Structure formats: C-alpha cells, structure tokens
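The values are calculated or read from the model by the stated rules, or taken from the named source; none is laboratory data. Here the structure is a predicted model, which is why all the values come from computation and not from measurement. Heads up, the Cβs are rebuilt from the backbone with ideal geometry, glycines too, and the neighbour counts pull from every protein chain shown. For accessibility, only protein heavy atoms count, side chains too; no ligands or nucleic acids. Shrake-Rupley method; radii C 1.70, N 1.55, O 1.52, S 1.80 Å.
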Amino acid sequence: MKLLFTICARAGSKGAKGKNVRLFCGKPIVDYTLKIYQRYVEAHPEHEVLLAVNTDSEELLDQVKQSEIPFQYVCRKEELAGDAAAKGDVIKDTLIQTEAAQGCQFDIVVDLDITSPLRMLADVEGTIAQVMEHASCNFAYSVTDSRRSPYFNMVSKKENGFYDRVIAANYTARQQVPVCYDMNASIYAYARDYLFNMTAKNRRALIWKMEDSAVLDIDSDSDFELMELLTKYFWEKGRYLDIK
C-alpha cells in the first residue's frame, strides 16, 4: 500500500497573518504536523509512505527542511494560490506532480492541515482505515460532534429578508433531529481515483470523530491564542505529549 501524505499551505492568510509559519507553543506550527507524520511512518513499516509539501512560502519550505524529513516539494501554482482555490484541487495537483517526479502511483492520499496541531496517531490511523478497510468508501475526513443543528438552532437569511432555520423542519427538541457533525479541517483521506472525479454523485464518504475540545480551526489571532492555551493545558494534564 502506497500512501502520500500532503501538507498544503499558502504564504498569505487574511484571518491570522502568517499563521502557517508562526511559532506555536515555542515551535513552528508545522512541526506538530511533521511529528504526527513521523509517528505514522514509524508505526506502519508495512506501508510505503512519502510526504509532499505544496506551498508558495519560502519560509515554510525552510521550516520543513530543518526537520530533515525526506519530502517532495511541489511549488504552488499561481492559479491555485488564491482565496477561492479549492483545497481538493490543490491536493490533486500535488498528487499529479509527485507521481510524475517519483515515477510511481499512490493508493491513498492523506492531507494534514497545519492549523490543527493537536492530532493523535489514532485519529490519523482511524481516518485512513475508513478508506483502506471499506471497499466502497473513497473519501474520509475527521469531524467533531456538532454543538448546533441546521434543523433546529441554526438560522440563515431567506429570500424575503427574514431569518429562519437553515433546513425547514418541525422538530420541537434537539434530541429529535438527525445527528450532525462539524468538519474540523484536520485530516482528509482520499482514494486516488476519487481525487480525479470529485463530484457529489461519485463521493462515498465516511467520517472519523475526534475530540471537539482539542480541535479548533485557526482562522484568527484569537483562535491562535486560544489554541495555544488549550495545548498548554492538555500538556499539563499529560495529554497530547506525543507531539510535544
């Protein structure tokens, strides 16, 4: 089984400036993603694993190089560097360029987001296992329990200018609504073929649930500060020490 792990990060960030190259609890934030990648490689010698880094940031590239982990560098294409570029397209392009450079074909592509530093090895393994162990599954991603429901207590502005629930329903109690989850933008696992045909009709996805209190998608300076506080708290309690 050949696995390609990807780290895809742009130089720019509007919410938290330079978030992909900032220090997080005293180390470059990418170090935590590199550490969990290393742990997976060590735990699974039966798999052929390679890391590819897709970026237009020289600073991030230098940080990854300092780790001395072998990796394939993929320069971010200009047309995939804008705010509107879909991450799936970036990951697909990373796969295409890496396969061309390496002269091989991968079975599964695993993307790890830099701004989700608290990941357990079991979370990475569990997400990958959904694709690896279920023949009908071609895509898996990490989620957390949702604190709100579009059927019950989430609203949006309607065409008449007034607000109502996102999904119209007659539920009177939260316990009645379909179970929903929040995508936490931490781990994605793609079957190779799905990356070349990413449509809703073709998608057969499964999820892996992570602890919600440990995952915060960093989009602002306040998110960054809060995530650092949570991380230091967990370390004091003896948790997540394997990435420290």
Task: Subset of segment 43-75 (residues that are open to solvent by less than 30 Å² (accessible area, probe 1.4 Å), under 19 Å from residue 187 (Cα atoms) and small (Gly, Ala, Ser)) - done: 52
Task: Residue pairs meeting the criteria (Cβ under 7 Å; at least 6 apart or on separate chains; first more than 19 Å from residue 208 (Cα to Cα), in segment 182-198; second surrounded by fewer than 18 Cβ atoms within 10 Å (Cβ to Cβ) and modelled with pLDDT under 95) - done: 198/88
Open item on the list: For a quick check of your reading: which strands (runs of 3 or more DSSP E) sit entirely within segment 159-214 and have at least 1 residues that are open to solvent by 90 Å² or more (accessible area, probe 1.4 Å) and over 30 Å from residue 115 (Cβ atoms)?
Closed with: 163-165
Open item on the list: Just the residues that are assigned to a loop (DSSP other than H, G, I, E, B) and either open to solvent by less than 60 Å² (accessible area, probe 1.4 Å) or among the hydrophobic types (A, V, I, L, M, F, W, C) (or both), please, taken from segment 76-89.
Closed with: 76, 81, 82, 84, 85, 86
- [ ] Would you check if there is a residue in segment 220-243 being assigned to a strand (DSSP E or B) and either open to solvent by 50 Å² or more (accessible area, probe 1.4 Å) or closer than 22 Å to residue 125 by Cα (or both)?
- [x] no
Task: Tally, over segment 92-149, of residues that are part of a loop (DSSP other than H, G, I, E, B), surrounded by 22 or more Cβ atoms within 10 Å (Cβ to Cβ) and either aromatic (Phe, Trp, Tyr) or in contact with a Leu (Cβ under 6 Å, 6 or more places away or on another chain) (or both) - done: 1
Task: Conditions (1) in contact with a His (Cβ under 9 Å, 6 or more places away or on another chain); (2) without any contact (Cβ under 8 Å) to a residue 24 or more places away in the chain: number failed by residue 82 - done: (1)
- [ ] Go through segment 29-59 residue by residue and tally those that are in contact (Cβ under 8 Å) with a residue 60 or more places away in the chain and not in a loop (DSSP other than H, G, I, E, B).
- [x] 9
TODO: Confirm whether residue 40 is open to solvent by less than 60 Å² (accessible area, probe 1.4 Å) and either on the phi > 0 side of the Ramachandran plot or of a type outside the set (Val, Ile, Thr) (or both).
DONE: yes
